[in-house]
Amino acid sequence: MVLPIPAKPPTKLGRFEVGAKIGGGGMATIYLGRDTPEDGSEQLVALKVMKDELANDEQFVAMFVDEAKILARLSHPNVIQTLDYGVEAGVHSFIAMELLNGRTISDIYDALKSNDEKFEWNTAAWICARVAEGLHSAHELVDEDGQPLSVIH
């Protein structure tokens, strides 16, 4: 059996330079990206790039584009901001998103546990409430005509 040689990731997607792989899932790979506008500033971003093996499947491409359009409409402090989306060279569908650097809840839990400390319930409840606020904003999202988009996450 011959294993396929993985395609090299693109080096540029739209205005974004593509860096190291930082995650992924079934439909896409997440890369560190860098936006360097003409004003000389620099912003690190997360680039969600559809996997090459799905790029010719019209159904997956349509789902990815729909996701990008919905994400671009979301605007809430507890939801990552979508900065841009598109298709590069007719092959690489991508979504550029705000990159949040920091620790995960799992990291914090593990650190507390290793010090025989507990994750306080009031802290957990506060975090859950902020997540719920972000999800609520997605569930309430409407189109240009004010019609509900019925987003379910």
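The angle between the Cα long axis of helix 105-114 and the main principal axis of the chain comes to about 40°, on a 0 to 90 degree scale. Rolling a 1.4 Å probe over the protein heavy atoms of the stretch 19-82, with every protein chain left in place, gives an accessible area that is 49 percent carbon and sulfur. Specify the residue with the greatest mean-square fluctuation among Ala46, Ala96, Ala124, computed from a Gaussian network of the chain linking alpha-carbon atoms under 10 Å apart. For the chain, modelled as a Gaussian network with Cα springs under 10 Å, the answer is Ala124. With a simple spin-label model that places each label point 7 Å from the Cα along the Cα-to-Cβ direction, the separation between Ala129 and Ser75 comes to 2.6 nm. Summing Lys and Arg as +1 and Asp and Glu as -1 over all other residues whose Cβ lies under 13 Å from the Cβ of Leu44 gives a net charge of -3. Summing +1 for each Lys or Arg and -1 for each Asp or Glu among the other residues whose beta-carbon sits under 10 angstrom from that of Gly24 gives +3. Electrostatic bookkeeping for Trp126 treats Lys and Arg as +1 and Asp and Glu as -1; over the other residues with beta carbon under 12 Å from its beta carbon, the sum is -1. Across all Cα atoms of the chain, the radius of gyration (one decimal) and Dmax (whole number) stand at 18.4, 54 Å. Straight-distance candidates among the lysines for linking to Lys21, with alpha-carbon spacing under 17 Å and chain neighbours fewer than 8 residues away dropped: Lys8, Lys12, Lys48, Lys51.
The values are calculated or read from the model by the stated rules, or taken from the named source; none is laboratory data. Just so it is clear, the structure is predicted and the values come from calculations on it, not from any experiment. When we count neighbours, we look across all protein chains shown, and the Cβ atoms used for this are built from the backbone with ideal geometry, even at glycine. Keep in mind that these areas ignore ligands, DNA and RNA; they rest on the heavy atoms of the full protein, side chains included. Shrake-Rupley method; radii C 1.70, N 1.55, O 1.52, S 1.80 Å.
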